[in-house]
Amino acid sequence: MKIFGSISFKIWIYFSSILFISSGLVIYYFPHQQEKAILKYRGKELQELCRTISLGVELSLDVNDFQKLKKSLSYYQKKRKDFDFLLLMQTDTLLGKESIFEQITDKSEFDFFKIDTSKYLMKSEPFSTPIMDGRVIIGLSKNRVSKEVHETNLPIYITLLVILLITILLFYFVARTISSPINQAIKNAKLLQDNHFESFNILPKNSGDEIAELHNALISLKDSLLYQKQDNKNLLDNLETKITERTDKLNQTLNRLNEAQEIASLGYYSFYDQKNALFCSENIKSILEIETGNINNLEHFKSLIDPEYIEEFEANFTKQPIVPFSIEIRTNVIDGTLDTKKWIAINGKCFTDKETGKCYLSGTIQEITARKNGEADLRRLSQAVKNSFNSIIITDLNQKITWINDSLLKLTGYSREEIIGNTPKMFQSEETDPETKKTIRENLKTFKSFKTEIQNKGKNGTSYWLELYIQPVLNEKGIAEGFMAIEIDITDRIEKEQLIKQYISEIEEREKEIKDINTNLEIKVAEKTKDLELSIEQIQKSQQELIKKEKLATLGLLVAGIAHEVNTPLGAIKASAENLDYLFSKDFFDVINKVSLTDFRQALEFYVSLKDLNSPDTISQRKYAKTIQEKLNLNYPQIPNAFALSKELAIIGFDDISNEATRLLQQENFNEIIRTVRLLLNIQRSLKTISDGALKSSKIIKALNVYSHSSDQTQQSIFKLKDNVDNIIALLWNKIKNNSAVKNNIPENIEISGFEDDLSQVWTNIINNALQASNNKCNIVFDYLEESTHHLITIKNDGPQIPEEVIGRVFDEFFTTKKRGEGTGLGLNIVKNIIEKHQGKINCTSSEKETLFLIRLNKLN
Amino acid sequence: MGFSKSILTLCFVLSIFGSYTVQGQIASDLLVIANEIGSTNLTKKQVIAYAKGEKNFWPNSKKVVIVLPSAKSEIAEAVALTVYKTNSGGMQKYWLSLIFQGRADPPVFLGNDEETIRFIEKNKGAIGFISAKNKSKANDYLIEVKTD
């Protein structure tokens, strides 16, 4: 650090910095300027060369003088390495397009039209001849110029660097030479400052410059200081002797004063208002418990005073009072400097300084905390007694009243003058209990503290009750010098006690009355409950009726469909019966008469093997007959009337000439046998149609019977869930069969306990709703899932979505979205009631894709 | 058959006559003249090669000096067409290109046959073209041009 701060370093760094900056600027700008100049020069050179070659071209084409062109080109060839390319451009005068006529370049893949022209210095010169127009272009790379500049400048840079280093070194020696005498002068000045005159170094003679003058001045200063030093030493010796004597005396006096002040917890102070200078004795610091530092200004002293007393302090302290003042103030607790607040008394007066003639304040500070605390205790006690709500009486030993508080005056109505000097007996009356009076008297004699209750009388004759505490008043030696009575007015309490007794008796009477009322109320409640039960029973009956009506309404809607469903199989039965009648009345006898027994047996054999063949419909029959006839014509040309035979075979059920048909045709009397077989099959098929029709009708009638069964059933039964649903599907089949489908995936073996008829109503209403909503065009699927405690039945359909604003209300009573007269709004409400009757739950969700009813039936129902 | 034989014979005769040309004639109205080129006859291909600057020395090591008619010469177009297969402007551009590339010495362009003949007389190794009508003026320098 010393090196960096030295004069030589500063001189050296100053000049070196200038040199560095100058060199940097030169190195930075010189190559740029040089490159610019070279480019300018080369540009001119290129332009001249272009002109020469262009002229050569013009001469060549105008006057056939190719010699000039050759000469100008020979110059280019000589300096070819300085250029990058030479182009002879030809301009198409019609199209205005320019193309390369010839080019000279050392670059193998040079394409003038693709080069970055900004990287080249290019010059061109146009030429114009009757044969050809165009221009000559010569170009060279700017990088080449930069490289040349760099190569040229490298030795210059090296030389510059060497010169720079040598110059910096020279600057260093110059700086040292300049700073050396200055450093010696500084050293001498420091020696004078530290009074080391003997080490003062005289410089060798020099040329008499500013530094030499500085040195001569220092020598003169040194001589002057040496003289003054000797003179001061003599004066100091005399002065020290006198001061020592006086100081000893003063110290003795001061010690005594301090001792006295310490005993009295007293300190003294002086305050100079103009300088805001405060001097405090050690005792004051001790009183204020300041361990370190001095109280040397008014602000510091004020910070030790309780803010409540600052105003009072300033009023006396800072007004330079001529008359002595005395104030009592409390100190502050600041940053833990004082443990507790203290009381101090400040006395003071203004004095005039004899030397300066200015006024200053001087006085004492004394701690008075103990006295102030005692006064405060006494004041608080006095206030407590005076302001007590209880009456207090103090008497002397003769029971004459010496002191009373204001509460007694209020209680009795007497004035203070009337009471003082009297005895407490003045408050007693005839109503005062004699026993109580006696107790008081006895206790007063023994100077014991005691408590009692007494009835006294006021000035206006009003009686009041007191709780009385009496105790002796003792002096500092513990001897009784009187009595003190504390009287608490308990008149209210006594009166309230009497009132409470009265209330208790009244409450007992009321309780008796309430008991009587409660007995009547229970009878009334029982009557109302009975009425309510009857109402509920009626409601339930109405609900049951409602379900029945809904069911009947549904049944009414279904009747037409069911009738149709029953009518169809009945029609088939009728037709089959008529067919049988016809067969037996005509065909059967024809066959019996015409067919031999052998053929009949053969026919029977064929009948047994062919009876499972299905009878084709009329259209299929025609189709089969055609196929068979073609085959017969082809394979059995000898058979006459192939058309009739093929028709017979098609009615039997053959679709082609099968093995069985071939076997039939190979029989001797195959015509008769086929006719017999056809008759037997006709009879069998008619009987089957009758049987199927009867079964279907029976099934529908059974389903109708189950559905229309009275729903008044009170006993639950166990039944198969799948059959229960199937019955309803059968009843609704007329609506379903055309454009809808209902798939029942409930397993066969699922048995549930419940009201079978009611659950039929559930399936009916749900299927009906879906069909109505979709105009009988939807697919409904029943699924079942067994849970541990519940049967879970899902019914989903792909009908229209139930709108979101409606779905929450579908189970509400009388809620319907159908037109007036089309729906009662009870269907799904009844469904919900039935499910709840089975202790189950039903939910409905609907989306664009499907609507789903989720039914949970309790297994333990 | 007789007619075919006659045709074949005629072709043979013509082929024989075809290989023999008039002395100095490169085209119907152009003659080639040269001075001390080491030979008195050249093929048409050789003449064109020398005239196009493709060969710089004659067989006798003399440097080839090409003399061409300038644009105002009456045989300029004929020479340009015969030798350079172009017009006189194209011929000049041909030479401009060649010289620009430094591949040949420039030819000497002269305005008429007289100047051409005088130049040939004075410059050994020079070759030029004149009109057939001036044949008699340059008998000593005529070059026999054979067809290829």
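The values are calculated or read from the model by the stated rules, or taken from the named source; none is laboratory data. As the structure is a computational prediction, the values presented were derived from the model and not from experiment. All Cβ positions, even for glycine, are placed from backbone atoms using ideal geometry, and neighbour counts span all protein chains on display. Heavy atoms of the whole protein, side chains included, go into the accessibility calculation; ligands, DNA and RNA do not. Shrake-Rupley method; radii C 1.70, N 1.55, O 1.52, S 1.80 Å.
On inspection, A:Ile454 does not qualify as in contact with a Pro (Cβ under 7 Å, 6 or more places away or on another chain), surrounded by 16 or more Cβ atoms within 10 Å (Cβ to Cβ) and among the aliphatic types (A, V, I, L, M).
Taking the options A:Asp812, A:Asp783, name whichever one is surrounded by fewer than 20 Cβ atoms within 10 Å (Cβ to Cβ), out of contact with any helix residue (DSSP H, G or I) (no Cβ under 8 Å at 6 or more places or on another chain) and not assigned by TED's automatic domain parsing to the domain that holds A:Glu545.
A:Asp783
Is there a residue being open to solvent by 70 Å² or more (accessible area, probe 1.4 Å), part of a helix (DSSP H, G or I), charged (D, E, K, R) and under 30 Å from A:Thr364 (Cα atoms) anywhere in region A:217-231? No, because not a single residue in region A:217-231 is open to solvent by 70 Å² or more (accessible area, probe 1.4 Å), part of a helix (DSSP H, G or I), charged (D, E, K, R) and under 30 Å from A:Thr364 (Cα atoms). Of the numbered conditions (1) surrounded by 14 or more Cβ atoms within 10 Å (Cβ to Cβ); (2) within 24 Å of A:Leu687 (Cβ to Cβ), A:Ala625 satisfies every one except a single condition; which is it? Evaluating A:Ala625 over (1) surrounded by 14 or more Cβ atoms within 10 Å (Cβ to Cβ); (2) within 24 Å of A:Leu687 (Cβ to Cβ) leaves (2) as the failure. Taking every residue in region A:129-145 that is within 13 Å of another protein chain (Cβ to nearest Cβ) and pairing it with any residue that is buried (at least 18 other Cβ atoms within 10 Å of the Cβ) and β-branched (Val, Ile, Thr), at least 6 positions away or on another chain, the pairs with Cβ-Cβ distances below 6 Å are A:Asp133/A:Thr91; A:Gly134/A:Thr91; A:Val136/A:Ile53.
Out of B:Lys124, B:Lys85, one residue alone is open to solvent by 60 Å² or more (accessible area, probe 1.4 Å), touching a residue at least 24 places away in the same chain (Cβ under 8 Å), over 25 Å from A:Leu55 (Cα atoms) and more than 12 Å from every other protein chain (Cβ to nearest Cβ). It is B:Lys124. Counting only residues that are of a type outside the set (S, T, N, Q), more than 10 Å from every other protein chain (Cβ to nearest Cβ) and under 22 Å from A:Ile131 (Cβ atoms), region A:42-70 holds 5 of them.
Confirm whether A:Thr369 is more than 23 Å from A:Lys459 (Cβ to Cβ), modelled with pLDDT under 90 and not assigned by TED's automatic domain parsing to the domain that holds A:Tyr469.
The answer is yes for A:Thr369.
Going through (1) open to solvent by less than 40 Å² (accessible area, probe 1.4 Å); (2) within 25 Å of B:Gly90 (Cα to Cα) one by one, A:Gln67 falls short only on (1).
Note on region B:95-120: among residues that are more than 9 Å from chain A (Cβ to nearest Cβ) and among the β-branched types (Val, Ile, Thr), the one that is nearest to B:Lys55 (Cα to Cα) is B:Ile120.
If I filter region B:57-79 down to residues being within 20 Å of A:Glu58 (Cβ to Cβ) and open to solvent by less than 20 Å² (accessible area, probe 1.4 Å), which single residue comes out as nearest to the other protein chains (Cβ to nearest Cβ)?
Among those residues, the one meeting the criterion is B:Ser70.
If we scan region A:54-71, do we find a residue that is in a helix (DSSP H, G or I), of a type in the set (Ser, Thr, Tyr) and more than 60 Å from the chain's Cα centre (by Cα)? For region A:54-71, residues in a helix (DSSP H, G or I), of a type in the set (Ser, Thr, Tyr) and more than 60 Å from the chain's Cα centre (by Cα): present. Kindly evaluate A:Gln33 against the criterion of being open to solvent by less than 50 Å² (accessible area, probe 1.4 Å), more than 14 Å from chain B (Cβ to nearest Cβ) and modelled with pLDDT of 85 or more. No; evaluated as a whole, the condition is false for this residue.
Of the helices (runs of 4 or more DSSP H) entirely within region A:667-774, those holding at least 2 residues that are in contact (Cβ under 8 Å) with a residue 24 or more places away in the chain and surrounded by 21 or more Cβ atoms within 10 Å (Cβ to Cβ) occupy A:670-708, A:721-731, A:756-773.
Any idea which residue in region A:559-612 is most open to solvent (accessible area, probe 1.4 Å), counting only those that are small (Gly, Ala, Ser) and within 24 Å of A:Leu695 (Cβ to Cβ)? Give the steps one after another, and end with the answer.
From region A:559-612, those small (Gly, Ala, Ser) are A:560-561, A:563, A:571-572, A:575-577, A:585, A:596, A:603, A:609; that's our starting set.
Still in the running and within 24 Å of A:Leu695 (Cβ to Cβ): A:560-561, A:563, A:571-572, A:575-577.
Numbers: A:Ala560: 72, A:Gly561: 10, A:Ala563: 56, A:Gly571: 38, A:Ala572: 36, A:Ala575: 56, A:Ser576: 11, A:Ala577: 48 Å².
Here the residue is A:Ala560.
Checking each residue in region B:95-114 for being part of a helix (DSSP H, G or I) and buried (at least 18 other Cβ atoms within 10 Å of the Cβ) picks out B:Trp95, B:Leu96, B:Leu98, B:Ile99, B:Phe100, B:Asp113.
So which residues in region A:451-466 are hydrophobic (A, V, I, L, M, F, W, C) and in contact with a Phe, Trp or Tyr (Cβ under 8 Å, 6 or more places away or on another chain)? Selection gives A:Ile454 alone. Within region B:17-27, can one find any residue that is modelled with pLDDT of 90 or more, within 30 Å of B:Ser97 (Cα to Cα), under 11 Å from the mean Cα position of the chain (by Cα) and not acidic (Asp, Glu)? No, there is no match, as no residue in region B:17-27 is modelled with pLDDT of 90 or more, within 30 Å of B:Ser97 (Cα to Cα), under 11 Å from the mean Cα position of the chain (by Cα) and not acidic (Asp, Glu). Counting only residues that are of a type outside the set (Asp, Glu), within 16 Å of A:Cys50 (Cβ to Cβ) and not in a strand (DSSP E or B), which one in region A:79-128 is farthest from the other protein chains (Cβ to nearest Cβ)? Going through the qualifying residues, I end up with A:Thr117.
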